[in-house]
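What follows draws every value from the coordinates through simple rules; no lab data is involved. Quantities reported herein were computed from a predicted structural model and do not represent experimental measurements. Ideal geometry is used to build each Cβ from the backbone, glycine not excepted, and the neighbour counts take in all protein chains shown.
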Amino acid sequence: MASFFIRRFGYTVITLFGLTLITFILTRVVPGDPARVAAGPQARQEQVEQIRKLYKLDEPIWVQYVTYMKNLLRGDFGKSLWSKRPVISDLAAYFIPTVELSLFASFLFLVFGIPIGIMSAVYRDTFIDHVVRLFALVGISFPVFMTGLVLQLVFYKILGWFPSGGRLDPFLIPPQRITGFYLLDSLITKNWPALLSSLHHIFLPGFTLALGSLAVISRMTRASFLEVFGQDYIFTARAKGLAERVVIFKHALKNAAIPILTVTGLQLGSLLGGVLLVEIIFSWPGLGSYAYTAVTVLDVNAIMAITLISGLVYTVINLFVDLMYGVIDPRIRYA
Amino acid sequence: MKKVTLLATLFVVFAVSVLGQVPREKTLIIATGLQPSTLDIGVGYEAAAINVNLVVYERLVRYSPGSVAVEPELAQSWKVSEDGKIWEFKLFPGIVFHDGSPCDAEAVAFSFQRVLAINLGPAWMFEPVEKVEAVDDLTVRFTLKRPYPEFLQVLANIFGTGIVSPTAVRAHATPEDPWAQEWLSTHMVGTGPYKFIEWIKGEHIILEKFENYWKGWANTKNNIERVIIRYITEPAVQKMLLEKGDVDIARHISVDDWELLKGYPEITLVEEPSMHATYLRFNCAAGPTADVRVRKAIRAAFDYAGMIQYVLRGHAIQMQGAAAIGLPCHNKALPIPAQDLELARKLLAEAGYPHGGFMLDYVYESGHEDRRRVGEILHACLAQLGIELRIIELPWPDLWERVCVPDPDRVPAIVANGWWPDYADVINYLYPMYHSSQWPPVAFNIGFYKNEKVDALLDAAATELDPAKRCQYLQEAQALIYEDCPDIDLYHLTTRVALRSWVKGYVYSPIYTEGFYLYDMWLEK
């Protein structure tokens, strides 16, 4: 197991190194002068040069890369050309809300998606199955921005049950910062109004973001379980008179888990893509709008940082999924 | 058990939805799509920060609500030496910063010294300033390198002019960051009627009434205790919030939604022409458009009425010359062009292209749908003259790379380009865009336009202290520029602000377009 882990970890490090190299080169060779964009159209040439020097954009690209990597290893992503602040402080502000929203959405699609899929498989071709399949079809077919706007229209404008967006009621003081996650911080500090307000605010965007993945997971779970239900060992288990609960959760679940785990990993990664639109619709102060601005103003350091963080999240998820394969199916460890 | 879980879940959702409501009387909520990159008054140089800068910071002078006339703000009076190089401003007494420290002449001098030392963003406007110093507690003196007739206009502009608390700066300065740029990028300490409370990035900025505001509150109708500026990128969401009354002002409503909101009696819609100008800039130094007759032919061929009606759907006015209508020294005698295909054909024939027969590139910035559709209109108009137009969309950094190069042969024939003035003076349009010293890569004369007479007039206007003479120079320059046709002066977009009718006292500012004079506003709920 240890050598499997070390091997996979090594691949992850190589992938991330490759990502830094490719992204760095791309951000430096695309058309556009970041120093000029940062200085603004009216800036004098002297001001542009000052910015170029300040951000070391006047050095050869390989020198810039070496300097960047040295700083990166110390956790320094450089300064943003847009906000003129260290990128890490911008990331701290924008990344945590995105992670919180993504985790909440993951929680929703895992907690609801797998049981719904199992239920659909167990009650195959019944009314429940048809409803679940219809729900999955709608969930997969609806683009995330459409879902967001419809949910907002119904639950904010018409019913008034949920706020239109934001992370917390602006009339409330945010919970004391411990982790940066409002839900967690308000829970730790027992700030109940903030906890309720954060839950209230995260529900619609979280559900919007989760819906597509929830549909995919439930479909995959259903298919996977149906396949397992047809296996001889399930017939044996049932013939032995085991309770259906035991058959499902002890015998079927572990065998059906590999494809579900694969899809879960992919869906967790894809949340990072969908979160951008959800953040815009629900005015969620996350990485999406920051990434959009960074790209439009050619904020090279911010683009690098966002790409690396996203890449890191993606590779860590993949690493985790790979390791889980090994845990679930020991044959994979030794392959 | 399952039923209990379901009911519990529903109860939590319901409780959360009900308990989340908090009364918000005496709070003004503004929805805007623009979030500033920084709050540092010495660095920020973007429209997004105007709303907070206008009420948290104060300048020596400001633009009067609803006009471009300059009036006192922190300075009660000022005088300028005969040679125009020494400006002295006398401050009102008793002004205090939000941190309690006094705002005196030293503080004013410190703020400008900070902008000059940082030398970013708005600093270019203060390039003529040689030094700024406090003469006594209430008198601050600017010594200029040369006469700077528009200096008062520059001081009234929103960028780099707000006076920041030296105490706050010094308290947060470090050896690596002597001007506390990092701290001031997320905090504000000014003298304005509202003080900065918090900025949750991407979500909102909260301001609160400053009880010790030096002008006092007794003589105003203002009852706004708190201001929340919410960043709502999606215009459809802004509309929804406004309809529900969850925001009081929506600053970015789409054209379609604007029409729909016209039916709501409880919503007030304010629409005024802005000073923003959109041009089609010709390459005057290379290709067919180097010939003034070709440029004039294209100007004559363009369908202006169609542009205003179909592209802009009435939310713009056609320009008259290169400077904004309504500015002092704008040349009102200039013709407003209209489509004349006969004239266009005649001019083309004179230029040696009786049947057109050439292709031009038209470049515009991504995201500007209006400019794309202007390109389509131009394409259709030029097709009638036998000219093919290739429409190219580029993101801003790419577009800048393409047009801001010293070699005219590499620059596209036509570039759609917008211009926001920093201050309300015609020279802020003419000098950067038409003076030959401003050719790329130096500045914004991207069409390589050069007319020595225009240069001389602009140079004279740049130092002329007699307002009448200066106006004459600027108006002559506008006429010459119109005659040389280095661009097609297209339109001024309107600014649209939608307010709940309970918001009172709002006056549109043609120059602080994103801003609100909150001290003069109140709520009647």
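Computed from phi, the 3J(HN,Hα) profile of the range B:400-410 under the Karplus parametrisation 6.51, -1.76, 1.60 (θ = phi - 60°) reads 5, 4, 6, 9, 9, 10, x, 9, x, 5, 8 Hz, with x in place of Gly and Pro.
When cysteine pairs in the protein assembly as shown are screened for C-beta atoms closer than 4.7 angstrom, the residues that find no partner are B:Cys103, B:Cys284, B:Cys381, B:Cys404, B:Cys485. Close amide H contacts of B:Ala31 (hydrogens built in the peptide plane, cut-off under 5 Å, sequence separation of 5 or more or a different chain): B:Arg230, B:Asp248, B:Ile249, B:Ala250, B:Arg251. Amide H contacts for B:Val363 (H built 1.01 Å from N in the peptide plane; partners 5 or more residues away or on another chain; cut-off under 5 Å): B:Ile392, B:Ile414, B:Val415, B:Ala416. Can you bin every Cα-Cα distance in the protein assembly as shown into 20 Å intervals starting at zero and give me the percent of pairs per bin, rounded to whole numbers? With 20 Å bins starting at 0, P(r) equals 13, 41, 33, 11, 2, 0.
Where the only charges are on Cβ atoms (+1 Lys, Arg; -1 Asp, Glu), what is the dipole of the range B:370-450 about its Cα centre, to the nearest 20 debye? Provide the component values of the computation, followed by the final result.
On the way: 7 positive and 10 negative charges, 29 e Å.
Using only the charged Cβ atoms, the result is roughly 140 debye.
In angstrom, the C-alpha Rg and Dmax of the range A:203-335 are 19.8, 67.
Determine by what factor the alpha-carbon radius of gyration of the range B:226-266 differs from 2.2 N^0.38 Å, reporting the quotient. Present the calculation step by step, with values, prior to reporting the outcome.
Details: Rg = 10.1 Å, N = 41, 2.2 N^0.38 = 9.0 Å.
Dividing the Cα Rg of the range B:226-266 by 2.2 N^0.38 Å gives 1.11.
Note on the range A:1-124: along the principal axes its Cα atoms extend 72, 40, 26 Å, ordered by decreasing extent. Which one, B:Ser64, B:Val237, B:His187, projects farthest toward the positive side of the charge dipole computed for chain B from Cβ point charges (K/R +1, D/E -1)? Most positive-ward Cα: B:Val237.
Dividing the Cα radius of gyration by the Kirkwood radius, what Rg/Rh value follows for the range A:9-72?
Working: Rg = 14.5 Å, Rh = 13.2 Å.
Rounded to two decimals, Rg over Rh is 1.09.
Farthest towards the positive end of the charge dipole of the range A:120-211, among the residues A:Ser120, A:Val138, A:Phe155, is the Cα of A:Phe155, using unit charges on the Cβ of Lys, Arg, Asp and Glu. State the antiparallel share, in %, of DSSP beta bridges confined to the protein assembly as shown, rounding to the nearest 5. Bridges in the protein assembly as shown are about 75 percent antiparallel. If you run the Gaussian network model on chain A, springs between alpha carbon atoms under 10 Å, then out of A:Ile114, A:Ile14, A:Ile281 the most flexible one is A:Ile14.
Put the Cα centre of the range B:477-525 next to the Cα centre of the range A:171-223 and the gap is 40 Å. Helical runs assigned H by DSSP (4 residues or longer) give the protein assembly as shown a calculated mean residue ellipticity at 222 nm of -14500 deg cm²/dmol, each run adding -39500 (n - 2.57) before division by the residue total. Globularity index of the range A:97-233 is 1.24 (Cα radius of gyration / 2.2 N^0.38 Å, N = number of residues). Relative intensity of the range B:302-421 on a log10 scale, I(q)/I(0) at q = 0.19 Å⁻¹, equals -1.27, per a Debye sum over C-alpha point scatterers of equal strength in the absence of solvent. Here, chain A has an Rg and a Dmax of 23.8, 84 Å when only alpha carbons are counted.
Volume per residue of the convex hull around the Cα atoms, evaluated for the range B:156-243, comes out as 151 Å³. Using θ = phi - 60° in the Karplus curve 6.51 cos²θ - 1.76 cosθ + 1.60, the 3J(HN,Hα) couplings for the range A:78-85 round to x, 9, 6, 6, 7, 8, 6, 9 Hz; x is entered for Gly and Pro.
Summing Lys and Arg as +1 and Asp and Glu as -1 over all other residues whose Cβ lies under 11 Å from the Cβ of B:Met240 gives a net charge of -1. Between A:Ala239, A:Ala93, A:Ala256, the residue with the greatest mean-square fluctuation in the GNM of chain A (Cα pairs under 10 Å linked by springs) is A:Ala239.
Return the whole-Å distance between the Cα centroid of the range B:36-61 and the Cα centroid of the range B:409-456. When both Cα centres are located, 26 Å separates them. Where q = 0.10, 0.12, 0.14, 0.15 Å⁻¹, what log10 of I(q)/I(0) comes from the Debye formula for the range B:370-525, counting one point per Cα? Evaluating at q = 0.10, 0.12, 0.14, 0.15 Å⁻¹ gives log10 I(q)/I(0) of -0.53, -0.72, -0.90, -0.98.
What percent does the relative contact order of the range A:75-131 come to when contacts are Cα pairs within less than 8 Å and at least six residues apart?
Working: 20 pairs, mean separation 8.7, N = 57.
Relative contact order here is 15 percent.
Regarding the range B:70-177, what whole-number volume in Å³ per residue does the convex hull of its Cα atoms give? List each step's numbers first, then the result.
Values: hull volume 11.3 nm³, N = 108.
So the per-residue Cα hull volume is 105 Å³.
Given DSSP loops and a limit of at most 16 other Cβ atoms within 10 Å, what is the longest stretch of chain B that contains no such GluC sites (Glu not before Pro)?
On the way: sites that count: B:Glu25, B:Glu82, B:Glu176, B:Glu211, B:Glu225, B:Glu266, B:Glu524.
Within chain B, the longest run free of exposed GluC sites (Glu not before Pro) spans B:267-523.
Report, in order of residue number, the helices in chain A meeting two criteria: a C-alpha extent of 30 Å or more along the helix axis, and a mean Kyte-Doolittle hydropathy of at least -1.0; treat each whole DSSP H run as one helix.
Going by DSSP H runs, the hits are A:2-29, A:87-122, A:192-229, A:253-281, A:300-328.
The string of couplings for the range B:484-492 from the Karplus curve (6.51, -1.76, 1.60, θ = phi - 60°) is 7, 6, x, 7, 9, 7, 8, 8, 9 Hz, one whole number per residue in order, with x for Gly and Pro. For the range B:368-456, what D do you get in µm² per second when you plug the Kirkwood radius from alpha-carbon pairs into Stokes-Einstein at 20 °C and 1.002 mPa s? Roughly 146 µm²/s, to the nearest whole number. Of the trypsin sites (Lys or Arg not before Pro) in the range B:112-183, the ones in a loop by DSSP (not H, G, I, E or B) with at most 13 other beta carbons within 10 Å are B:Lys145. Treating each Cα of chain B as an identical point scatterer and summing with the Debye formula, the log10 of I(q)/I(0) at q = 0.05, 0.06, 0.11 Å⁻¹ comes to -0.23, -0.33, -1.03. Springs join every pair of Cα atoms under 10 Å in this Gaussian network model of chain A, and among A:Gly160, A:Gly212, A:Gly288 the largest mean-square fluctuation is at A:Gly160.
Amide H contacts of B:Leu389: B:Leu360, each under 5 Å away and 5 or more positions distant or on a separate chain (H built 1.01 Å from N in the peptide plane; Pro and chain starts excluded).
For chain B, the longest principal axis of the C-alpha atoms and the axis of helix B:2-19 are separated by about 80°.
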